[in-house]
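Report on the structure given below.
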Amino acid sequence: MEAANPWDEASAPNAARLLLGRFVASGLVTQEMLNISKKSASCFVNFSRLQQITDIQAEINQKNLEIELLRLEKDTADVVHPSFLDEKCHTLQNMNNHLEAVLKEKRSLRQRLLKPMCQENLPIESVYHRYMVHLLEMAVTFIERLETHLETIRNIPHLDANLKKMSKALAKMNILVTETEELAENILKWREQQKEISSCIPQILAEENDLHKHGIITPSLPFTSKVHV
């Protein structure tokens, strides 16, 4: 609420207006001077603006509170909705009926559970037949691989020892590969030497025959050479 302006003639009489009236009547000030200096007091304007800001802030807080309430109502609408509550009540009622039936047949169910089920056919609804086919395929595959899986599980404690054995076997294999490569190189060298000797044999035999014809006897030459392998 704005405070009364002492310069406004329409406002109610107050001490400031009466004092200004006396000044005008005595001639100390004129009406023109008052009209020139007539303006709203800054202090009253600031108070009015502060009050407006406070009212606007309170309104903003109220709107924020309403928005939060609407969001909370939206988040919990599914939970407190009548249809959802009816569905939950229906589900709970079905569970209650099932439990009551189980309690009524408790003795017969206990006897049936104690009796071993062997060579009996369990009825399965038609909508689940395709799932049972897939389940049986999975069961057959699991049974086929069961022994392998069990063997793998048994070997888990000995895994470190097996890895060490494999490392030693790989090292020995590398040594054997190196020795095999060296042996292959020596065999190739021996073959080359044998080829050279084989190519020289006819010439040597011809030279020996010529020497025999002329009566010259020479010691026989070896046709093989030794290769260290």
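What full-extension length gain, to one decimal in nm, is calculated for S48 and H134 as 0.36 nm per residue of separation minus the Cα-Cα distance?
22.9 nm
From the phi of every residue in segment 123-131, what ³J(HN,Hα) in whole Hz does the Karplus formula 6.51 cos²θ - 1.76 cosθ + 1.60 yield, where θ is phi - 60° and glycine or proline is x?
x, 10, 5, 5, 5, 9, 5, 5, 5
R0 = 30 Å: FRET efficiency of D75 with N96, Cβ-based, nearest 0.05? Spell out each step's value before the answer.
Numbers: r = 29 Å, r/R0 = 0.98.
Working from the Cβ atoms, E equals 0.55.
7 Å from Cα along Cα→Cβ at both I124 and L65: what's the point-to-point distance in nm?
Placing both labels 7 Å along Cα→Cβ, they lie 6.2 nm apart.
Stretched out fully, how many nm does the piece from E196 to E181 gain, at 0.36 nm a residue minus the Cα gap? Don't jump to the answer; show the numbers that get you there.
Details: separation 15, 0.36 × 15 = 5.40 nm, distance 2.30 nm.
Length gained between E196 and E181: 3.1 nm.
Out of L146, L113, L163, whose Cα points farthest toward the positive end of the dipole of segment 96-173 (charges: +1 Lys, Arg; -1 Asp, Glu; placed on Cβ)?
Sorting the options by dipole projection puts first L163.
Can you run the Rg to Rh ratio on segment 125-165? Use alpha carbon positions and the Kirkwood inverse-distance Rh. Walk me through the numbers on the way to the answer.
Details: Rg = 17.3 Å, Rh = 12.6 Å.
Rg/Rh for segment 125-165 comes to 1.37.
Every read-out reported here was derived from the displayed coordinates using simple, explicitly stated rules and does not represent laboratory data. Note that the structure is predicted; figures quoted are calculated from it, not measured. Positions of Cβ are generated from backbone atoms using ideal geometry, with glycine treated the same way; all protein chains shown enter the neighbour counts.
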